[in-house]
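Contents: one structure, followed by commentary.
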């Protein structure tokens, strides 16, 4: 606990400059003799929070950094015309929301000769209550109840002009989505101030019920010449048709459909207000400007686990003149470290001491694929895509997956506003290679025959469905709102998968964002997952945690079950025994009682079938360079479990908690975030194997290493085949006791989540 406390003192000291944040969006200029504002408070406001009221006034306190250190930071002063305008603004705001008797007083307290604190004392008084609400003019509307549901005004509730106008606008917007483009409204109200009562009349003029008429398309290519995409194709992609009931939302959806193609730099959709075919027919005018329809993108870079990497993509946005999108993509990583691009000079540039522990980095990873995206499936709102690819990819220190040939058919559709759904079917012919120690410890595949069989090239078919709810104010830099995403994946012989490869896997990921002050965002994220028990689950479908986008106090994938491997030829730390029984031999290795615990040469994350990850962080913009730096103090927690058959409970006491701090730098190529996480927990116990050098017969058995006092586990050798035993998970590697030895450094591009 003492080390934990010291870590927070260090983190908070480093963060102190980050709190130099303005408390309000406006800045008040200061002359030399002006009174600086130390704080602004509201007292007596029961109905509306202080941050809502602060947006209605001009006076603003100096930045926190200025108030603490007196020298640096933004200085703000009392307005030259006093506080009377702010008092009037607050009273008007309250009156607009039904408080006609609100009084606002100000108290200005001198805290220093040149600094004051400002308090607004608010006596809200009783609100005006609504006695009657009359909405007329909707007799011709088919579903009046849907137009009037969930309005803010209700008899007996609070009256306010803002509430009345909001409801009237809501009604008009709903009418314009059910066939009434010329709907208008007129409002009237009467307030009895002594009785604190009000009556409201809202008169609606719907205009005639209107349908879409003809659809005219005016289009030019990128050089203002004739369009490359035929107008008949455009009409088919709009999602609206002649004779359909008028809807503002349908016009907006049609505009979004065309923009989503990526083929247009301008899309304008409107109705012809002349109504040449009568009041009930609205012709649609579509104005388009095409973008360049052929595109080539290429990027090169370096990443901590990818070494040198490159991506290239060619895109034809009007494939076969049907507004179809054809993409040809190539990707290489591990360049300079993986075979056949490994050279001594480049390996040293590729974090050699990190990647040498990873068998997935021993060869170049690649991807080559082609994707055809059709704009619509049989004229519906479903958007299909078809892909064929070959790839090799690895999960750090866990596995290497090679897909010799693979294909995917997928469909996408928005089930609601910002609710995308995706369903896919994937068929791959390939193999996954994992550490023999992982296969033995996790899957009890301990002899070479079983391990070779598990890593054979097999057919893997996966059906999946994913759904998202996107409710943030910005996709790249959210400050308010939430995102929820879920995915369900499964494989079985019913889907034409190999009979040995069957599983069901579900994951859920949710993030919530809220703005605390200007420049400070609080973020909470939770992620959970579970994989079914039973048949052999491919290593790439197991759950992993730890790293820059997960629990940042752990290296990549190292939260959860770990298998340790000792590969050195020096065995002085072990006592290796060989016995012969009936012509068969058995080998055991025991840690010498007078030797220090061996330091594992390699950690192999085993992953698990159950996962929980929780993150909480502040994103604080630098007060002096808000467009360049952001400070990110965080607390992460989580764990990965291997749930056994018959057991449904998870040992929540094993959840690891790691605080830390990150620095995010905004660059021309995107945001880069470095994190320092503190992990004071003892390393997780796991099995330790000694990998003997390959013998003249081509055998390299795994030998289970047991600690002094434990029963040695023999490695059997029979008929030329080694039987590798499952090792007890008791080995705990030595860990340094200093504060710095408990720190983990991670690096990510973009936000952590």
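Just a few scattered comments:
- Region 563-578 - residue that is closer than 30 Å to residue 658 by Cα and surrounded by fewer than 24 Cβ atoms within 10 Å (Cβ to Cβ) and, of those, modelled with the highest pLDDT: 565
- Candidates 486, 529: the one that is modelled with pLDDT of 95 or more, assigned to a strand (DSSP E or B), within 20 Å of the chain's Cα centre (by Cα) and buried (at least 21 other Cβ atoms within 10 Å of the Cβ) is 529.
- Residue within region 333-353 that is under 27 Å from residue 415 (Cα atoms), in contact (Cβ under 8 Å) with a residue 40 or more places away in the chain, assigned to a loop (DSSP other than H, G, I, E, B) and not assigned by TED's automatic domain parsing to the domain that holds residue 260 present: no
- Any hit, region 274-287, residues being part of a helix (DSSP H, G or I) and either under 14 Å from residue 375 (Cα atoms) or free of Cβ contacts under 8 Å to residues at least 60 places away in the same chain (or both): no
- Qualifying residue in region 311-329 (condition: closer than 24 Å to residue 401 by Cβ and touching a helix residue (DSSP H, G or I) at 6+ places or on another chain (Cβ under 9 Å)): no
- Residue match in region 269-282 (condition: in contact with a helix residue (DSSP H, G or I) (Cβ under 6 Å, 6 or more places away or on another chain), at pLDDT 90 or above and not assigned by TED's automatic domain parsing to the domain that holds residue 180): yes
- Selection of region 105-134 for residues being modelled with pLDDT under 90 and part of a loop (DSSP other than H, G, I, E, B) yields 113, 114.
- For residue 115: the one exception among (1) over 39 Å from the mean Cα position of the chain (by Cα); (2) without any contact (Cβ under 8 Å) to a residue 24 or more places away in the chain: (2)
- Some residue of region 124-133 being surrounded by 19 or more Cβ atoms within 10 Å (Cβ to Cβ) and under 29 Å from residue 180 (Cβ atoms): yes
- Applying the criterion of being closer than 11 Å to residue 334 by Cβ and modelled with pLDDT of 75 or more to the residues of region 344-357, the residue that is surrounded by the most Cβ atoms within 10 Å (Cβ to Cβ) is 350.
- None of 167, 162 is outside any strand (DSSP E or B) and either surrounded by fewer than 12 Cβ atoms within 10 Å (Cβ to Cβ) or out of contact with any strand residue (DSSP E or B) (no Cβ under 9 Å at 6 or more places or on another chain) (or both) except 162.
- Of the residues making up region 171-193, just one is loosely packed, with under 14 Cβ neighbours inside 10 Å and in a helix (DSSP H, G or I), namely 173.
- Test: residue 423 is under 30 Å from residue 472 (Cα atoms) and in contact with a strand residue (DSSP E or B) (Cβ under 7 Å, 6 or more places away or on another chain): yes
- Residue within region 135-158 that is at positive phi, crowded, with 20+ Cβ neighbours inside 10 Å and not in a strand (DSSP E or B) present: no
- Of the residues making up region 451-475, those that are surrounded by fewer than 17 Cβ atoms within 10 Å (Cβ to Cβ) and either within 30 Å of residue 704 (Cα to Cα) or touching a residue at least 60 places away in the same chain (Cβ under 8 Å) (or both) number 4.
- Only one entry of 270, 198 meets the criterion of being under 30 Å from residue 161 (Cα atoms) and part of a strand (DSSP E or B), and that entry is 198.
The values are calculated or read from the model by the stated rules, or taken from the named source; none is laboratory data. It should be emphasised that the depicted structure is a prediction, and the values quoted were computed from it without experimental measurement. All Cβ positions, glycine included, derive from the backbone under ideal geometry; neighbour counts span all protein chains shown.
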